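Right, one structure below, let's go through it.
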Amino acid sequence: AKKVRNGKETDPYQRIMVGLSISDVLLSFFWFFLGTWMVPKETGWLWAVGNTSSCSAQGFFALFGGFGELLYQAAISLNILLLIVFGWKQERFSKKVEKPMHFIIIAFVLVLAIIPLAYETYNPGCGQCNITPLWGKCSTKDEGELCIVRGNEQVFTVILNIGGASILIVLIFCTVVMVWVYLHVRRQEMRNRRYNFGISNNADNHRESRRIRKILFLYTLSLYVSYGPWLFAVFIGGPISESISDTIFPLLGFWNMLVYFLPNCLKYQRDHPGTWLVTAYFQVLRPAPCAWSPSGMCAGQKEDVEDAPEMNFSKFNTANEQPTPSPIDPTNQNNDSNDNP
């Protein structure tokens, strides 16, 4: 938003983050913020004031947002993989991959969200409306036997399996990308190390690979933390696992926000020694019109925190770089000295 406001052009990485953020907002708002408000009041849930239409709307947008943020998480890893390992530029990614990628993600999650809507399979569950068939009495005479009065059990099973498979595939893909990128950059730096002649120490040689590993590791970790318990709850079940899943699942967007702004916060800490990380996040994220002095008085306009170098993944593109040879080869120099009397 800051780049758009200042008239700066955004790159695919930031636009992917916009898609991820929108998906997370949809999920968090309709599923967790509105919660029981959209559940039909006939269910008896606390604060339930909705009806069948509001219930279907809640399930639709929750499913759309949930699958959307999952696929955009994989898109982040794909963008970084092509930039660093395969030597792409952001311009090439934008022309060849970005538009089809956004179209496929939006079309895929839209179809998945429409199918249960068409089969009336968004129904009240445990305080929210999700994909589940609604069970009720088969007739007024039969008191013990229950039948599906709304929804489709086959649709429920198919969407549940697609969701579980999608999470597994994305988790594996993001993990493979994280390891692949780190090993690639490390190998490239080790190759260039031969031409340093002891000038740079080992920490300097692997400085950039550590930056990349940190960002990718934290993105992947946020995915495991958010979707791991949900996956466990789906296949294992149980009230405890479901409660943990319902608590952690909506936090994926929050973790990604922390990871995205972490380089800026670390840069702020370097520019302001002694600042706590929590304070750095507050300074970077707060939209206040002015910066506050230690005395609590407004000390002028808030400083515009620029993106830290770590956020620009394209600068770590090493696929097309070749190690720069030393202008003087020590071996040849020794040979020349031996040949001359």
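Here are the numbers:
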item	result
Area of residue 86 that stays accessible when all protein chains are in place (1.4 Å probe, Å², to 10)	100
By average C-beta atoms within 10 angstrom, highest first, the peptides 91-100, 10-19	10-19, 91-100
16 Å tail of the calculated P(r), the stretch 75-138, as % of Cα pairs	63
Residue-count net charge about residue 253 - beta-carbon cut-off 12 Å; Lys, Arg +1, Asp, Glu -1	-2
Heavy atoms of residue 102 accessible to a 1.4 Å probe, total area in Å² rounded to 10	40
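The values are calculated or read from the model by the stated rules, or taken from the named source; none is laboratory data. Note that the structure is a prediction, hence the values are computed from the model and not measured. Cβ: placed from backbone, ideal geometry, glycine included. Neighbour counts: every protein chain shown. Heavy atoms of the whole protein, side chains included, go into the accessibility calculation; ligands, DNA and RNA do not. Shrake-Rupley method; radii C 1.70, N 1.55, O 1.52, S 1.80 Å.
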